[in-house]
Each structure stands twice: as structure tokens, then as C-alpha cells.
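The values are calculated or read from the model by the stated rules, or taken from the named source; none is laboratory data. This one's a predicted model, so the numbers in the text were calculated from it and none came from an experiment. Cβ atoms come from the backbone with ideal geometry, glycine included; neighbour counts cover every protein chain shown. SASA here: full protein model, heavy atoms, side chains in, ligands and nucleic acids out. Shrake-Rupley method; radii C 1.70, N 1.55, O 1.52, S 1.80 Å.
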Amino acid sequence: MGLESFKVPLEEDVLEDRIVKWASKANNLTQSDPYLTTIDLISKCTVELLIDFKKTALNKSLNSPSDREKAMREYYVSHPKIPHIGTRNIFKWFFYELQPFQDWLSQLEHLGISIPAQPEEVSLTSDQKKQLKN
């Protein structure tokens, strides 16, 4: 399994269920989805962050637990070009620190939208759906 197929930000609780829609076959969000992104986009972002390390990080077969652990240390907990931040913390910074995302999470709270742990579906009123679209 290559690093691009990891659901690492979710597996390690870097991003909460309320951020990433992962329990869906669809790769896109609808206008009334309360999530910020999809697992497909997180996967694509991971590939872009590690594109310079395609041969060692993205196409490598990680068959043993020790190979996986080493790759996680080198390319996820750390990052070859920005080891003081690491790939994992880039996701945290992007979705929790940037103002547009903070505003979206505040809006969800203001609308009284609670996102349950996935795969449970979000239950929205028609008014909440309408306000999300707006």
C-alpha cells in the first residue's frame, strides 16, 4: 500500500469527523453538506505535498509494519523539506487556523448543526440546509 492511500489525518485524529466527509461513495460535497472537505481531496493534497518524493513516498509498497512506521515518520510526522512542521501539522494548520475555516465552523455552531461520528449521517432541517446553501 502506498502512502497516498492512507487516511492518516483521520486515523490519527488530526482532523475531526466534522471537517472531512469520509463515509460516502461520492467524491464531492453537496451544497448542503456541512463538511469542509472530502477524504478524496485530503488524499490529493497529501500527494501534492509529497510530489517531490514520488519514488520514495508515493509509489512505495509498504508491506511490513516497520516500513509503514518509517514512512509515517519520514513523510507524515515530519516532511523532508519542512521537518519542523511536518505533513500532519499542515493539515491541522490549514483546517483549524485559517480564518475561512474558522468562520465555517462558527457558522455551523451558530446554526445548531451537530455532526455525529461517521458513518452516521448528518440530520439537517430544511432551514439548516437552506442556510448552508446560502
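Restricting the first member to the stretch 62-81 and to residues that are in contact (Cβ under 8 Å) with a residue 60 or more places away in the chain, and the second to residues that are charged (D, E, K, R) and surrounded by 13 or more Cβ atoms within 10 Å (Cβ to Cβ), the beta-carbon pairs closer than 6 Å and six or more apart or on different chains are LEU62/ARG68; TYR76/ARG88.
Report the residue count in the stretch 117-126 for those that are open to solvent by less than 50 Å² (accessible area, probe 1.4 Å) and either among the hydrophobic types (A, V, I, L, M, F, W, C) or in contact with a helix residue (DSSP H, G or I) (Cβ under 8 Å, 6 or more places away or on another chain) (or both). Result for the stretch 117-126: 2. Restricting attention to the stretch 74-114, report how many residues are more than 18 Å from the chain's Cα centre (by Cα) and more than 20 Å from ASP33 (Cβ to Cβ). Within the stretch 74-114, residues that are more than 18 Å from the chain's Cα centre (by Cα) and more than 20 Å from ASP33 (Cβ to Cβ) number 6.
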